[in-house]
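Worksheet: one structure, shown below.
The values are calculated or read from the model by the stated rules, or taken from the named source; none is laboratory data. Small disclaimer: the values here were computed from a predicted structure and weren't measured. Virtual Cβ from ideal backbone geometry, glycine too; neighbours counted across all protein chains shown.
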Amino acid sequence: MPGKFARLLAKHNLFARLGFNFGEELFFPHPMELRFVTDVKSAYGKYPMGADGYAFIRAGKEDAALRTARSSGLKARIVGNVEEAKEGRTGVELKAFNEEEVYFSGRD
């Protein structure tokens with residue numbers, strides 16, 4: 001289901017920026033995923049593109065969350081932040097693996 005992450009954020013009037021110098025960049029897609037990419041926006045809307053999931057962590061609790069994830073054998077990174085929507089901009093904006101900027105409003 002394309003845009004499911006963006007729709008969830010838009011429903012709660014939230015906006016996320018991912019992969020824009022928040023410590024670390026987004027995970028690089030698995031090489032097999034790249035074989036199915038027709039365009040970057042479609043790819044991020046339909047495929048996990050290197051990330052099996054996202055976790056929302058309260059500000060100030062990032063280190064503890066990273067330790068917990070890593071102690072369970074998971075690869076974890078801080079790749080963005082979520083904030084209240086401003087000027088009606090909801091959903092997700094991300095910098096893709098190829099540096100292309102992609103926006104999903106979550107209202108489409």
Query raised in the report: Which members of region 50-76 meet the condition of being touching a helix residue (DSSP H, G or I) at 6+ places or on another chain (Cβ under 8 Å) and over 24 Å from ARG35 (Cα atoms)?
Result: ALA55, ILE57, ALA76
Requested in this report: Can you run down the residue pairs with Cβ atoms below 7 Å, 6 or more apart or on separate chains, where the first is in region 10-31 and at pLDDT 90 or above and of a type outside the set (D, E, K, R) and the partner is assigned to a strand (DSSP E or B) and buried (at least 18 other Cβ atoms within 10 Å of the Cβ)?
Outcome: ALA10/GLY91; PHE15/GLY91; ALA16/GLY80; ALA16/VAL92
